[in-house]
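Okay, structure first, notes after.
The values are calculated or read from the model by the stated rules, or taken from the named source; none is laboratory data. Model, not experiment: these values are computed from the prediction. No Cβ is skipped: glycine too gets one built from the backbone with ideal geometry, and neighbour counts run over all protein chains shown.
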Amino acid sequence: MITSSQLKAEQATRSDTVLAGDYYMQVLKAGQTLRILDLEGNQAADTLFYSANDPSERYSAMDTIREQGNVYLTTGSKLLSNGGNVMLEITADTCGRHDTLGGACATESNTVRYAIEKKCMHACRDSWLLAVAENPQYGLSKRDITHNINFFMNVPVSSDGGLSFADGISGAGKYVEMTAAMDVIVLLSNCPQLNNPCNAYNPTAVEMLIWD
Ligand SMILES: [Zn+2]
């Protein structure tokens with residue numbers, strides 16, 4: 001559902017630009033609102049969420065899909081943890097659809113899906129692993145990298161139940177906003193994928209804005 005926000009960018013308490021292929025790792029406090037802004041359009045933002053107090057509690061695609069009875073995420077979607085608790089709720093969305101089925105790109109899946117030569121291309125999973133290695137204060141490791149949300153990514157479910165990575169429906173300036181219901185660690189990989197149209201074959205920057 002397309003819903004715009006009343007929040008003003010100039011009143012944000014924090015703003016960070018994340019280049020394609022980079023990661024973003026920050027704590028979002030309960031009650032704070034995060035906007036992910038697709039600066040140039042058609043850019044996938046692969047995101048994981050953890051409880052800041054107990055990172056073994058983390059975003060669960062299965063619980064979220066089951067409880068809302070819909071495979072796509074948009075305004076009103078409550079993002080649930082593996083403990084069944086609401087971690088965040090999407091409060092505004094000018095793109096209209098976000099995927100949580102397709103998973104993140106990895107060198108392994110690039111090799112299987114595209115070509116053996118793709119093994120050395122940078123992938124979202126590499127960015128997440130780099131993030132947890134460079135930020136030991138969160139106590140995360142490789143085993144904590146699980147299923148995620150692909151904000152702005154268009155992964156339609158076909159009538160026979162299959163998935164396809166389709167051309168994006170996001171555009172320059174579109175955004176999604178979510179309010180935290182608990183203190184959460186946000187771990188985002190701004191996707192560097194070049195083998196399918198999720199980034200329009202031209203990965204670009206996103207902006208992360210936080211309001212109190
Ligand atoms: Zn990716």
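Close contacts from region 12-23, counting a first residue that is crowded, with 17+ Cβ neighbours inside 10 Å and a second that is of a type in the set (Phe, Trp, Tyr) and not in a loop (DSSP other than H, G, I, E, B), with Cβ to Cβ under 8 Å and a gap of 6+ residues or different chains, come to ALA12/TRP211; VAL18/TYR24; TYR23/TRP128. Taking the criterion of being out of contact with any Ser or Thr (no Cβ under 7 Å at 6 or more places or on another chain) and free of Cβ contacts under 8 Å to residues at least 40 places away in the same chain, would at least one residue in region 170-187 satisfy it? For region 170-187, residues out of contact with any Ser or Thr (no Cβ under 7 Å at 6 or more places or on another chain) and free of Cβ contacts under 8 Å to residues at least 40 places away in the same chain: absent.
The conditions of being at positive phi and either modelled with pLDDT under 95 or not in a helix (DSSP H, G or I) (or both) are met by GLY84. With the structure loaded, tell me whether THR111 is within 16 Å of the ligand (Cβ to nearest atom) and either outside any strand (DSSP E or B) or modelled with pLDDT of 95 or more (or both) or whether it fails that test. Spelling it out, THR111 is indeed within 16 Å of the ligand (Cβ to nearest atom) and either outside any strand (DSSP E or B) or modelled with pLDDT of 95 or more (or both). Filtering region 194-212 to residues that are among the hydrophobic types (A, V, I, L, M, F, W, C) and out of contact with any strand residue (DSSP E or B) (no Cβ under 9 Å at 6 or more places or on another chain) leaves LEU194, ALA200.
With respect to the stated conditions, GLN193 fails to be more than 16 Å from the ligand (Cβ to nearest atom) and out of contact with any Leu (no Cβ under 9 Å at 6 or more places or on another chain). Restricting attention to region 66-81, the residues being under 25 Å from ASN53 (Cα atoms) and part of a loop (DSSP other than H, G, I, E, B) number 2.
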